[in-house]
1. Out of the total accessible area of region 315-382 (probe 1.4 Å, heavy atoms of protein only), what percent is carbon and sulfur?
2. With the convex hull built on the Cα atoms of region 257-361, state its orientation-averaged projected area in nm².
3. Please list, or write none, the aspartates and glutamates whose alpha carbon is within less than 13 Å of the alpha carbon of LYS308, excluding same-chain residues fewer than 8 places away.
4. If you project the alpha carbons of the chain onto their three principal axes, what span does each projection cover, largest first, in Å?
5. Please compute the length gained on full extension between LYS66 and ASP331, using 0.36 nm multiplied by the number of residues separating them and subtracting their Cα-Cα distance.
6. Could you provide, to the nearest whole Å², the per residue accessible area of region 164-316 with probe 1.4 Å?
7. Per DSSP helix of 4 or more residues, -39500 (n - 2.57); summed, then divided by the residues of the chain. What does that give at 222 nm, rounded to the nearest 500?
8. So if each residue of separation counts as 0.36 nm, and I subtract the Cα-Cα distance between LYS168 and ASP283, what length gain in nm does that give?
Amino acid sequence: MRIVVAGGDGFCGWPTALHLSNQGHEVSIVDNLSRRKWDDELHSNSVTPIASLEDRVEKWKELTGKEIKTFIGDLNHYDFLREVFRQTEPEAFVHFAEQRSAPYSMIDRDHAVFTQQNNVIGNLNVLYAIKELAPECHLIKLGTMGEYGAPNIDIEEGYIEIEHNGRKDVLPYPKQPGSFYHLSKVHDSHNIMFACKIWGIRATDLNQGIVYGLHTNETKMDPMLVNRVDYDGVFGTALNRFLIQAATGHDLTVYGSGKQTRSFLNIEDTVRCVQIAAENPADKGEFRVFNQFTEYFSVKELADKVQKIAKEKGLKTEIAYLENPRIEPEDHYYHAVNTRLRELGLEPHLLTDEVLHDILQTVIEHKDRVIKENVLPSITWK
Ligand SMILES: NC(=O)c1ccc[n+]([C@@H]2O[C@H](COP(=O)([O-])OP(=O)(O)OC[C@H]3O[C@@H](n4cnc5c(N)ncnc54)[C@H](O)[C@@H]3O)[C@@H](O)[C@H]2O)c1
């Protein structure tokens with residue numbers, strides 16, 4: 001299948017591009033390399049030293065004989081995007097290419113506006129390009145479980161049946177996102193749903209949980225293929241951040257009580273979920289929603305797990321409770337459904353001690369790269 005991976009230089013996109021290529025798909029990457037520029041802006045870095053995109057794909061070709069074409073440019077530039085569609089004629093378009101940090105979107109007005117412009121307009125351009133140039137192309141869009149917030153009822157996969165004044169309907173599940181970034185994802189979902197309805201586009205919204213881990217079968221093949229790992233207070237996701245704190249002798253910084261519960265998955269499952277979605281496309285006009293996670297934990301539970309593993313490795317690690325920089329409910333009900341990807345064959349990699357040991361070991365090998373002053377949260381929601 002001809003597949004475009006937009007955002008293919010990023011944490012989820014790079015291993016996904018390699019995995020799809022390894023499965024025999026004809027993969028092209030689109031990326032404007034902005035994630036590397038945001039590191040420069042924040043004086044931050046990936047714990048693992050990542051090669052340039054050019055060197056990465058060259059090494060992949062050398063190792064496997066498989067070519068991944070690259071297109072460096074911005075989804076917000078429609079002429080560029082049209083050219084990508086003309087040259088690649090995609091049957092599936094996997095869309096990871098957004099600004100994905102909640103704290104980054106909350107820095108100030110400029111960053112909130114940038115996030116929504118980058119994400120919402122970029123996605124709208126993709127919808128128009130599909131309509132104009134590849135109407136059969138299946139859009140596989142990365143959403144987030146954070147779109148739903150933490151309602152006091154079970155979270156369904158995209159839709160809920162509601163009875164009101166004696167009448168029933170199946171309606172989009174209510175969204176209560178917690179940042180201007182998460183709101184951009186909700187706006188995307190609405191735009192995609194509308195485009196499916198009016199133009200007959202086929203789309204899958206993958207409401208992904210928080211991704212942890214770094215290696216996949218493909219990125220392990222050579223150090224030049226290694227994935228990025230973020231740890232700073234802006235882009236670091238909870239579990240990866242705790243592991244890096246443990247490796248560098250930093251307290252594990254839990255925000256507030258740590259009772260906030262979130263859904264998680266291993267990067268190895270992200271790449272499989274996208275493959276499953278691509279190989280089982282949505283019907284024409286269908287706006288399909290899958291909740292893409294395998295387990296959920298409270299933030300405190302994650303910190304406890306990391307502390308236990310660190311101790312086994314001889315690292316002394318304390319848990320520190322910080323004033324929560326975010327405005328969010330801490331003590332809340334959380335139960336979310338995730339059956340649709342499982343029904344299509346996903347076999348989850350669960351968060352075992354062995355998995356944690358493995359990630360911690362790699363992080364320890366690169367711990368000298370950590371810029372310690374970037375670890376604590378510096379952005380608040382107030
Ligand atoms: N990492 C997670 O835990 C997680 C969880 C849920 C959802 N997601 C979603 O998955 C997607 C990928 O996340 P990630 O962690 O890989 O992020 P990332 O920042 O590592 O990668 C995103 C990539 O997209 C590129 N990009 C951004 N805006 C672009 C634009 N306008 N044009 C072209 N390229 C652009 C960046 O340069 C970067 O390489 C995002 O949409 C994110 O919202 C991620």
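The values are calculated or read from the model by the stated rules, or taken from the named source; none is laboratory data. Worth saying up front: this structure is predicted, and the values here are computed from it rather than measured. As a convention, Cβ positions derive from the backbone with ideal geometry for all residues, glycine included, and neighbour counts pool all protein chains shown. Protein only, heavy atoms only, side chains kept; ligands, DNA and RNA dropped before computing areas. Shrake-Rupley method; radii C 1.70, N 1.55, O 1.52, S 1.80 Å.
1. Looking at region 315-382 in its full context, I get 50 percent from C and S.
2. Working: hull surface 35.2 nm².
Convex hull of Cα atoms, orientation-averaged projection: 8.8 nm².
3. Partners found: GLU318, ASP353, GLU354.
4. 63, 57, 42
5. Values: separation 265, 0.36 × 265 = 95.40 nm, distance 4.89 nm.
Here the segment from LYS66 to ASP331 would lengthen by 90.5 nm.
6. On the way: 5600 Å² over 153 residues.
The answer is 37 Å² per residue.
7. Numbers: 13 runs with 139 residues, N = 382.
So the calculated ellipticity at 222 nm is -11000 deg cm²/dmol.
8. On the way: separation 115, 0.36 × 115 = 41.40 nm, distance 2.44 nm.
Residue separation times 0.36 nm, minus the Cα-Cα distance, leaves 39.0 nm.
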